[in-house]
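*Asks:* Please find one structure pasted underneath; my questions will follow.
The values are calculated or read from the model by the stated rules, or taken from the named source; none is laboratory data. What you see is a predicted model, and the numbers here were worked out from it, not measured in a lab. Note: ideal-geometry Cβ built from the backbone for every residue, glycine included; neighbour counts use all protein chains shown. With ligands, DNA and RNA removed, areas are computed over all heavy atoms of the protein, side chains included. Shrake-Rupley method; radii C 1.70, N 1.55, O 1.52, S 1.80 Å.
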Amino acid sequence: MFVLRSNRDAAQMAIAMIEHGVDPLDQLEAASRSLSDLEKRFAEQPGPETRALPLAPLEGDALLMSLSDIVASVRGAMVAVPDPQLSRKLDELLYSINRLRSAEGDVTHRLVRRELSGIVNDVETSIALIRQDLVRMRDASLQERRAIDQAVLSGGVTGIVIGLFLIFYLSRSISRPIRSAASALRQVGGASTAGREPPAADMMLDLESAIRFVETVIENKERSSRLQRSSSAAHLLATVERQQKRLRVALDALRKPLCLVDEAGRLTDANREFEKLFPDLRVGTLVSTWTGHELLANALLKGGEDEVLEPGDGSLFRVRCHTNPIDNGMIAVFDDLTPGETTQRELERLSMQDSLTGLPNRDNFYSFLDHALKSGTEPVSVFVIDVVAFKNVNTTLGLGAGDELLRQVGERLTQLAGPDCHVARVAGDEFGLVAPSIEQRGGPERFGRNIVHDFARRPITVAGRPLTVRLAVGVVPDLQPDGSLDARIVMRDCEIALETAKKSTSDPFCVYAPEIRIEHQRRQDMERDLREGLVRGEFELHFQPFIDVKRKCVSGFEALVRWNSPTRGHVSPGVFIPIMEETGLIVPLGLFVLRDACRQAARWPGGLTLSINLSPRQFDVGDIVADVRQTLSETKLDPKRLQLEVTESLFLSDGDKVLDILTALRKLGVTISMDDFGTGYSSLGYLSRFPFDKIKIDQSFVRDLSRRENMAIVRAVLGLGASMKLAVIAEGVETVDQMVALEGEGCLEMQGYLFSPPRAAGELAKVLVEVREGFQNGRFEPAPAPVALRA
Ligand code: C2E
Ligand code: CA
Ligand code: CA
């Protein structure tokens, strides 16, 4: 189950190892060695009578220190393990070790021995799993090596890079593999291996330059093999035709008149502007035969720098002629000197150009695209490329840095796209790209992914800092120009694909398909209905009780919002909450929930608590602290009775800001609870950094307590709660068995369908009675074992 799923995982592990300088196997083996030492120490303890005695203080201290070392090693291993399941396994392991650590004074020899053997087993399993991966990766690596020659010819850069990381991983030490990897790469690329070994500080640079070296070799080989392939006459002809078309597009895109004359003095080419200016001068005619254009003909034949022409329509042009080295002919460019026209044209030019990046602007892009779709001859693919989290650059490094980044992104895109593509800046941090047929570059998907990959791999230096730029890309591929296509519709589809790419957590690249638009439309309809629903007051609160199993009564209620749409009926919060989060509608909805729930709870009897869910967006937009303060003062609800539930996703953005807000909320006297605990990645870190009062064990662990790992997690969370003095509540309790098991582990507060589903506000008094009666009449007790009847 924990076998790393792909070479990509292996490469990721290797990258993590480079970044953090750790090797998971080494780390786990270190943990294993310390553990066997510990086991030995406790195995040698005297007879049964002392086993139940607590450890002596010195022994306890030594145990604590050894466990801290083991924790450090396991943590180290986790850093380099990209596989979430294996990582979760290690997380569990940490829980167990921490549990033993936090038991401190009450530890007996027997307990230590029992816990140690469990931990040793888990460490050994993890080692075995990683080792299994190693063997698999070594085999893959050998295959990869054999495939390298092949890969060089077919451009398999990724294969080589992965191969390199595998070599690196297998060597299991940091400096040696980098050197050997760099030299292996050079060998692959055909370079001599002799030479000095780089000093340690240069190793990463050396490795990087080795990778670049191989890539260059690959590129050269690709180029030469392409040339070989294209040697057939048909292929050559097609290439020539394509080149000619490109030349024509380029010439026509030029806003100055231009023409080419060959050695024999024949007009071989002219752009559209030239044709407009001199409609009577045809391509193919000899310059010497032109009548009425003697001055121009003279300049073209002799070559002149500053000849001024008056074509006869009131305009004034200066012609500049340069020798054309290809056929010893002449290229002539015409500057418009007509009074008033110069500035007009300059303005026109500027209005088509983005002043920050110097790239074509949005209008220019649309007209280019429109032309390509309506009158082009080849299929085109249209890309919209977004710089992910660009806002952060502006806010953290300043607007100047943001501008510089956009300039460099524009340059890199133009350079990667190549001369046959049209790149423009179409919005703040969005670029547009029209690519003609790019089959020879792997088709639109490969072409686009290569761009994303290049940015991810080569940081851009801005304000002296290297920034790794993440791109999101939407593409409408292979559009066959047929006169009916509209640039605006194509761009709209492109933006829809881009939105999907931006939302995805796994793939920043999305190819447009009609289903995406249908889904987009569905979401937009839902968003509109939600917006109207907020105005029309279609939302109401239901409440689900928290149960105090010791006192056998309801301790409080969680407010859960419900939407009763006139057209859609009851819609599950699982469906509409994510859309509200995405669109920001959760902020006004959250304020409604806060106010309405507090208003109702202020009328509840005694010390019943009220729990409400806060979304991360509410920490981003508006002032949640002021909202809570004002609501408490307006409703007169005792702050001690209000619990705010947050999830780990809250800490994905600005952790420091979140910490400040949570601290301010806590100062108001409210309680902060961590919802869905255990479903995120590294919950432990947050617990120590943030001021939580309560943890809610997620229902996924409660659902199947018969699974050993779920029980281990529940146990570890309860142990953690006890040692960190945090209350713990388990949610999703549906059966008496679950309740009994949780209670047996020391869980004193629960929530779930066993006691009650969320109920309308008017039914809460009934819920209090039902729960009390449930305890009295044994509804929450295990069924008695059947009594065997005697014959
Ligand atoms: P949550 O905060 O984890 O809420 C618990 C969910 O589990 C609720 O689903 C509840 O009805 C359900 N549940 C409770 N006991 C059981 C049980 O024994 N078995 C099972 N299978 N499910 C149980 P609900 O009401 O559909 O809410 C879903 C999610 O929507 C909530 O998950 C919460 O994340 C979000 N949500 C609901 N109301 C609000 C709100 O006012 N604001 C915010 N930000 N989110 C809300
Ligand atoms: Ca909740
Ligand atoms: Ca929950």
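*Asks:* Within the set of pairs 6 or more residues apart or between chains, which connect a residue that is outside the structural domain of Leu718 (by TED's automatic domain parsing) inside the stretch 650-679 to a residue that is away from ligand 1 (no atom under 16 Å from the Cβ) with Cβ atoms less than 9 Å apart?
*Replies:* none
*Asks:* So which of Leu705, Leu718, Leu665 is in a loop (DSSP other than H, G, I, E, B), of a type in the set (A, V, I, L, M, F, W, C) and away from ligand 3 (no atom under 16 Å from the Cβ)? Please lay out each step first, then the result.
*Replies:* On the way: Leu718 fails: in a loop (DSSP other than H, G, I, E, B); Leu665 fails: in a loop (DSSP other than H, G, I, E, B).
Matching residue, one of Leu705, Leu718, Leu665: Leu705.
*Asks:* Identify the residue in the stretch 727-757 that is within 36 Å of the chain's Cα centre (by Cα) and surrounded by fewer than 19 Cβ atoms within 10 Å (Cβ to Cβ) and, among all such residues, is nearest to ligand 2 (Cβ to nearest atom).
*Replies:* Of the stretch 727-757, the ones within 36 Å of the chain's Cα centre (by Cα) are 727-734, 750-753, 757.
Those still in the list that are surrounded by fewer than 19 Cβ atoms within 10 Å (Cβ to Cβ) too: 727, 732, 734, 753, 757.
Numbers: Ala727: 15, Gly732: 11, Glu734: 16, Tyr753: 15, Pro757: 14 Å.
Restricting to residues being within 36 Å of the chain's Cα centre (by Cα) and surrounded by fewer than 19 Cβ atoms within 10 Å (Cβ to Cβ), the top hit is Gly732.
*Asks:* Also: Which residues, counting only those in the stretch 652-664, are open to solvent by less than 60 Å² (accessible area, probe 1.4 Å) and within 16 Å of ligand 1 (Cβ to nearest atom)?
*Replies:* Of everything in the stretch 652-664, those that are open to solvent by less than 60 Å² (accessible area, probe 1.4 Å) and within 16 Å of ligand 1 (Cβ to nearest atom) turn out to be Val658, Ile661, Leu662.
*Asks:* Can Ala456 be described as in contact with a strand residue (DSSP E or B) (Cβ under 7 Å, 6 or more places away or on another chain) and aliphatic (A, V, I, L, M)? Let's see the steps before the verdict.
*Replies:* Working: in contact with a strand residue (DSSP E or B) (Cβ under 7 Å, 6 or more places away or on another chain): no; aliphatic (A, V, I, L, M): yes.
Answer is no for this residue.
*Asks:* Does Met711 meet the test of being in a helix (DSSP H, G or I), crowded, with 21+ Cβ neighbours inside 10 Å, away from ligand 2 (no atom under 16 Å from the Cβ) and assigned by TED's automatic domain parsing to the domain that holds Glu645? It would help to see each step written out before you state the result.
*Replies:* On the way: in a helix (DSSP H, G or I): yes; crowded, with 21+ Cβ neighbours inside 10 Å: no; away from ligand 2 (no atom under 16 Å from the Cβ): yes; assigned by TED's automatic domain parsing to the domain that holds Glu645: yes.
Answer is no for this residue.
*Asks:* I would also like to ask the following. Based on this model, can you work out whether Val771 counts as more than 30 Å from Asp122 (Cα to Cα), at pLDDT 95 or above and open to solvent by less than 50 Å² (accessible area, probe 1.4 Å)? Spell out how you get there, then give the answer.
*Replies:* Details: more than 30 Å from Asp122 (Cα to Cα): yes; at pLDDT 95 or above: yes; open to solvent by less than 50 Å² (accessible area, probe 1.4 Å): yes.
The answer is yes for Val771.
*Asks:* Any idea which of Asp704, Asp676, Asp693 is surrounded by 15 or more Cβ atoms within 10 Å (Cβ to Cβ) and within 14 Å of ligand 1 (Cβ to nearest atom)?
*Replies:* Values: Asp704 fails: surrounded by 15 or more Cβ atoms within 10 Å (Cβ to Cβ); Asp693 fails: within 14 Å of ligand 1 (Cβ to nearest atom).
Testing whether each residue is surrounded by 15 or more Cβ atoms within 10 Å (Cβ to Cβ) and within 14 Å of ligand 1 (Cβ to nearest atom) leaves just Asp676.
*Asks:* Suppose we filter the stretch 541-566 for residues that are within 16 Å of Ala727 (Cβ to Cβ) and within 35 Å of the chain's Cα centre (by Cα); how many remain?
*Replies:* 1
*Asks:* Could you tell me whether Arg617 is under 21 Å from Ala761 (Cα atoms) and among the basic types (Lys, Arg)?
*Replies:* Numbers: under 21 Å from Ala761 (Cα atoms): no; among the basic types (Lys, Arg): yes.
No, not satisfied.
*Asks:* Limited to the stretch 287-335, what total is found for residues that are assigned to a helix (DSSP H, G or I), surrounded by fewer than 17 Cβ atoms within 10 Å (Cβ to Cβ) and not acidic (Asp, Glu)?
*Replies:* Our first condition is that a residue be assigned to a helix (DSSP H, G or I); within the stretch 287-335, this holds for 287-289, 294-302.
If we keep only those that are surrounded by fewer than 17 Cβ atoms within 10 Å (Cβ to Cβ) too, we end up with 288-289, 294-295, 298, 301-302.
Next cut, not acidic (Asp, Glu) only: 288-289, 295, 298, 301-302.
Of the residues in that region, 6 qualify.
*Asks:* Only one of (1) in contact with a Cys (Cβ under 9 Å, 6 or more places away or on another chain); (2) assigned to a helix (DSSP H, G or I); (3) open to solvent by less than 70 Å² (accessible area, probe 1.4 Å) is not met by Glu499, so which one is it?
*Replies:* (3)
*Asks:* When the stretch 574-626 is examined, which residues are found to be within 16 Å of ligand 2 (Cβ to nearest atom) and either surrounded by fewer than 17 Cβ atoms within 10 Å (Cβ to Cβ) or in a strand (DSSP E or B) (or both)?
*Replies:* Across the stretch 574-626, the qualifying residues are Gly574, Pro578, Thr609, Leu610, Ser611, Ile612, Asn613.
*Asks:* Next up: Looking at (1) outside any helix (DSSP H, G or I); (2) within 17 Å of Tyr95 (Cα to Cα), can you tell me which one Ile729 breaks?
*Replies:* With (1) outside any helix (DSSP H, G or I); (2) within 17 Å of Tyr95 (Cα to Cα) applied to Ile729, the lone miss is (2).
*Asks:* Then there is this: Quick check, is Lys636 at pLDDT 95 or above and more than 16 Å from ligand 3 (Cβ to nearest atom)? Before the answer, list the steps.
*Replies:* On the way: at pLDDT 95 or above: yes; more than 16 Å from ligand 3 (Cβ to nearest atom): yes.
Answer is yes for this residue.
*Asks:* Still on this structure, I have one more. Out of the residues in the stretch 627-651 that are under 32 Å from the mean Cα position of the chain (by Cα) and of a type in the set (Ser, Thr, Tyr), state the one that is least open to solvent (accessible area, probe 1.4 Å).
*Replies:* The qualifying residue least open to solvent (accessible area, probe 1.4 Å) is Thr647.
*Asks:* Please verify whether Thr647 is within 16 Å of ligand 1 (Cβ to nearest atom), touching a strand residue (DSSP E or B) at 6+ places or on another chain (Cβ under 7 Å) and over 23 Å from Val554 (Cβ atoms), treating the condition exactly as stated. Write out each step before concluding.
*Replies:* On the way: within 16 Å of ligand 1 (Cβ to nearest atom): yes; touching a strand residue (DSSP E or B) at 6+ places or on another chain (Cβ under 7 Å): yes; over 23 Å from Val554 (Cβ atoms): yes.
Yes; evaluated as a whole, the condition is true for this residue.
*Asks:* In addition: Is it the case that some residue within the stretch 400-418 is within 27 Å of the chain's Cα centre (by Cα) and β-branched (Val, Ile, Thr)?
*Replies:* Yes, some residue in the stretch 400-418 is within 27 Å of the chain's Cα centre (by Cα) and β-branched (Val, Ile, Thr).
*Asks:* Next question, about the same structure. Would you confirm whether any residue within the stretch 520-538 is charged (D, E, K, R), surrounded by 14 or more Cβ atoms within 10 Å (Cβ to Cβ), more than 32 Å from the chain's Cα centre (by Cα) and under 30 Å from Lys766 (Cα atoms)?
*Replies:* yes
*Asks:* Those residues that are within 16 Å of ligand 3 (Cβ to nearest atom) and part of a helix (DSSP H, G or I), I need them from the stretch 732-752; list them, please. Spell out how you get there, then give the answer.
*Replies:* Keep residues of the stretch 732-752 that are within 16 Å of ligand 3 (Cβ to nearest atom), which gives 732-734, 738, 742, 747, 749-752.
Selection gives Gln738, Leu742.
*Asks:* Does Thr377 satisfy the condition of being open to solvent by 60 Å² or more (accessible area, probe 1.4 Å), at pLDDT below 90 and under 25 Å from Gln480 (Cβ atoms)? So that I can check it myself, show each step before the final result.
*Replies:* Details: open to solvent by 60 Å² or more (accessible area, probe 1.4 Å): yes; at pLDDT below 90: yes; under 25 Å from Gln480 (Cβ atoms): yes.
So Thr377 passes the test.
*Asks:* Continuing with this model, one more query. Would you point out which residue out of Glu263, Glu273, Glu241 is modelled with pLDDT of 75 or more, touching a helix residue (DSSP H, G or I) at 6+ places or on another chain (Cβ under 9 Å) and either assigned to a loop (DSSP other than H, G, I, E, B) or under 20 Å from Ser375 (Cα atoms) (or both)?
*Replies:* Details: Glu263 fails: touching a helix residue (DSSP H, G or I) at 6+ places or on another chain (Cβ under 9 Å); Glu241 fails: touching a helix residue (DSSP H, G or I) at 6+ places or on another chain (Cβ under 9 Å).
None of the other options fit; the residue is Glu273.
*Asks:* Oh, and also: Looking for whichever is on the phi > 0 side of the Ramachandran plot, in the same structural domain as Cys494 (by TED's automatic domain parsing) and at pLDDT 90 or above here; the options are Gly410, Gly428, Gly418. Which one fits?
*Replies:* Details: Gly410 fails: on the phi > 0 side of the Ramachandran plot; Gly428 fails: on the phi > 0 side of the Ramachandran plot.
Within the list Gly410, Gly428, Gly418, the selection yields Gly418.
*Asks:* If you check Leu541 against the conditions, is it closer than 20 Å to Thr609 by Cβ, open to solvent by less than 50 Å² (accessible area, probe 1.4 Å), of a type in the set (A, V, I, L, M, F, W, C) and touching a His at 6+ places or on another chain (Cβ under 6 Å)?
*Replies:* Working: closer than 20 Å to Thr609 by Cβ: yes; open to solvent by less than 50 Å² (accessible area, probe 1.4 Å): yes; of a type in the set (A, V, I, L, M, F, W, C): yes; touching a His at 6+ places or on another chain (Cβ under 6 Å): no.
It is false that Leu541 is closer than 20 Å to Thr609 by Cβ, open to solvent by less than 50 Å² (accessible area, probe 1.4 Å), of a type in the set (A, V, I, L, M, F, W, C) and touching a His at 6+ places or on another chain (Cβ under 6 Å).
*Asks:* Can you give me the number of residues within the stretch 23-75 that are modelled with pLDDT of 70 or more and touching a helix residue (DSSP H, G or I) at 6+ places or on another chain (Cβ under 6 Å)?
*Replies:* Of the residues in that region, 19 qualify.
*Asks:* Any idea how many residues of the stretch 504-559 are more than 16 Å from ligand 2 (Cβ to nearest atom) and closer than 30 Å to Phe755 by Cα? Step through it out loud before you land on a result.
*Replies:* The initial filter retains those residues of the stretch 504-559 that are more than 16 Å from ligand 2 (Cβ to nearest atom), namely 504-540, 548-554.
Still in the list and also closer than 30 Å to Phe755 by Cα: 537-540, 548-554.
The qualifying residues number 11.
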